[in-house]
Amino acid sequence: MATKKTKTSTRWSGRFNEPVSERVKRYTASVTFDQRLAHVDIMASLAHARMLQAQKVISRQDLRDIERGMNQIQADIEAGRFDWSIDREDVHFNIERRLTELVGEAGKRLHTGRSRNDQVATDIRLYLRGAIDELLVLLGDLRRALVDLAQKHAATVMPGFTHLQVAQPVTFGHHLLAYFEMFTRDADRLSDCRSRVNRLPLGAAALAGTSFPIDRARVARELGFEGLCENSLDAVSDRDFAIEFSACAALIMMHMSRLSEELVLWMSPRFGFIDLPDRFCTGSSIMPQKKNPDVPELARGKTGRIYGHLMALLTLMKGQPLAYNKDNQEDKEPLFDTVDTLRETLTIFAEMVTGIQVNADAMQQAAFQGYATATDLADYLVRKGLAFRDAHEAVGQAVRYAVDKGCDLSALDLAELRQFSTLIGADVAKVLTLAGSLAARDHAGGTAPRQVRGAVARARRRLAGSGERTRSAARPRRA
Ligand code: ARG
């Protein structure tokens, strides 16, 4: 077997007098984590080999041997039969050496005109492109779940908050659609980032290009890249595309963390606005009554981890001279963990949002208790001719009076209200209702149920548009 044979030789043979020490081998190897690139590594190697053959750098027989060997390797990896070895450092060496064992000479010709430097850069870009496509689908699922729930609750009143104090009535649907907007911008950002990820580094070789007559455009076409990395030094060395992706990921997690915070608050008995299905919660080992919103809490916590990965990648890159440096091997674990965490969190959130059970009475009660219609009363006075600042002052006194009395503004009778302004008439009653307050905010972007229904319809059209884009993109295979 391969692993046994390599024990005696170094990875680079000729140049070295002694093998790498076991400790250094473990320290420098990346195969334990970069083997997930195997599928894209093989894809890129095959495209490279086909190009080499088309350019007459290798023979038809070489290409056939390489294709046969790679098919075997792919099958062995998928079946869990592939013998990964840290003696062969990384995913690239593991596959190449195995190829040579399987097909001989042709395997040794595969690396003509390329380097692991452009190879790994290509692999990461292919991997990340696939991950982005998958994440866009998952983001779409979460956005759809938000819109579905928003539609059901287009007229469900809840208190809107500023400073976490009751501010004005809003509908729960309107509140949910705020998150739809955030996640839609996140999806746009990811799509935009994808176009910078989707450039071909292969052909840059180690750093300066190669003396063989390569055809980079052909390789780019076969691999579905939308362009070439234009400068060989840049192609092998920068990881800004991974950093940009991590920044997109950090923003998505930031939005999920805000939603999480609200879910946790709303599920607290102090609010009691919602309940989450039991399957998303856990109990306490000591307090039998507890049902804890662990999923949103964990998502809030994992957000810190994703910010950390972004910081790790930025710091990894900042001091590196051109071109490739081994530092870059450290790009993978943060990137992979970012993708995995995002995938899991988005998947679980789409399910959880669908399962949210709404306690509309509790929401309405909370809106009643917070003098949420005070602004409506002030606006009413303005319509009767009072300047807004004077209206603000008059209503402030009315609220003070109601607080002392322990009731809502709508519970004050006309005579009581007129103490604060004689402009108040019998028509004030409908202004002070929650439904009246909601219906009054009837403009684009407002919380009136009519507007929320319109926003839901527009959101569905946007989802249908982006759905086509993301669904047509190839779903990545997880290696
Ligand atoms: N495992 C390496 C990485 O992840 C591959 C490139 C190695 N290149 C080199 N010159 N040592 O970056």
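Rule-based calculations on the coordinates, nothing more; no lab input. Everything quoted here is computed from the prediction, not taken from an experiment. Cβ placement follows ideal geometry from the backbone for every residue including glycine, while neighbour counts extend to all protein chains displayed.
Quick one: if you stick a label point 7 Å off each Cα along the C-beta vector at Asp215 and Glu101, how many nm between them? Rounded to a tenth, the inter-label distance reads 3.4 nm.
Where in the chain is the longest stretch that carries no chymotrypsin sites (Phe, Trp or Tyr not before Pro) classed as loop by DSSP and with at most 12 other Cβ atoms within 10 Å?
Working: sites that count: Trp12, Phe16.
Longest run free of exposed loop sites: 17-479.
For Leu200, the residues whose amide H sits under 5 Å from its own are Gly227, Leu228, Cys229, ignoring neighbours fewer than 5 places away on the same chain, with H placed 1.01 Å from N. Among Val197, Gln74, Ala429, whose Cα sits farthest toward the positive end of the charge dipole of the chain (+1 at Cβ of Lys/Arg, -1 at Cβ of Asp/Glu, about the Cα centre)? Going by the Cα projections, it comes out as Gln74. Subtracting the Cα-Cα distance of Ala411 and Thr32 from 0.36 nm times their residue separation leaves 129.6 nm of extension gain. Going from the residue with the fewest nearby Cβ atoms within 10 Å to the one with the most, Leu409, Leu146 rank Leu409, Leu146. The calculated FRET efficiency for the pair Val399 and Arg453, based on their C-beta separation and a Förster distance of 30 Å, comes to about 0.40.
The residues His163, His48, His153, when put in order of fewest to most other Cβ atoms within 10 Å, stand as His163, His153, His48.
With the simple model of a label 7 Å out from the Cα in the direction of the Cβ, Thr347 to Lys290 spans 2.7 nm.
Tell me, what is the FRET efficiency for Asn231 and Asp148 to the nearest 0.05, using R0 = 51 angstrom and their Cβ-Cβ distance as r?
Values: r = 47 Å, r/R0 = 0.92.
Using R0 = 51 Å, I get an efficiency of 0.60.
Relative to the longest principal axis of the Cα atoms of the chain, the long axis of helix 374-383 lies at roughly 60 degrees.
Taking Cα atoms only, the orientation of helix 332-355 departs from the longest principal axis of the chain by about 40 degrees.
Hey, what did the chain get for relative contact order, percent, Cα under 8 Å, at least 6 apart?
Numbers: 676 pairs, mean separation 89.9, N = 479.
Relative contact order comes out at 19 percent.
If we count other beta carbons within 10 Å of each Cβ, what is the order of Glu222, Glu105, fewest first? Display every interim value, and only then the final one.
Details: Glu222 16, Glu105 12.
Ranked by crowding around the Cβ, least crowded first: Glu105, Glu222.
In this structure the amide hydrogen of Thr156, modeled in the peptide plane, comes within under 5 Å of the amide hydrogens of Phe172, Gly173, none closer than 5 places in sequence on its chain. Between Asp278 and Asn17, the simple spin-label model (points 7 angstrom out along Cα→Cβ) gives 7.1 nm. For the chain, a simple Cβ point-charge model (Lys and Arg +1, Asp and Glu -1, everything else neutral) yields a dipole of about 1180 debye relative to the Cα centre.
What translational diffusion coefficient, in µm²/s and rounded to a whole number, does the Stokes-Einstein relation yield for the chain at 37 °C and a viscosity of 0.692 mPa s, taking the hydrodynamic radius as the Kirkwood radius over Cα pairs?
Working: Rh = 26.5 Å.
Value of D from the Cα-based Kirkwood radius: 124 µm²/s.
Between Arg418 and Arg64, what length comes free when the chain is fully extended (0.36 nm per residue of separation minus the Cα-Cα distance, one decimal in nm)?
Details: separation 354, 0.36 × 354 = 127.44 nm, distance 9.28 nm.
Residue separation times 0.36 nm, minus the Cα-Cα distance, leaves 118.2 nm.
On full extension, the segment bounded by Ala206 and Arg305 gains 32.3 nm, given 0.36 nm per residue less the C-alpha separation. Over the C-alpha trace of region 312-416, radius of gyration and Dmax come out as 28.0, 81 angstrom.
Would you work out if region 14-78 is rounded, prolate or oblate? Take a ≥ b ≥ c from the square roots of the eigenvalues of the alpha-carbon gyration tensor; rounded if a/c is under 1.5, else prolate when a/b is larger than b/c, oblate otherwise. Note, shape of region 14-78 comes out oblate.
The residue list Ala47, Leu265, Gly304 was ranked by how far each Cα lies along the charge dipole of the chain toward its positive end, using unit charges on Cβ atoms, and Ala47 comes out on top.
Of the cross-linked pairs Lys291/Lys405; Lys108/Lys332; Lys56/Lys326; Lys290/Lys405; Lys56/Lys332; Lys302/Lys326, those separated by over 30 Å at the C-alpha level are Lys291/Lys405; Lys56/Lys326; Lys290/Lys405; Lys56/Lys332. Dividing the helix sum by the residues of the chain, where each DSSP H run of 4 or more adds -39500 (n - 2.57), gives a mean residue ellipticity at 222 nm of -20500 deg cm²/dmol.
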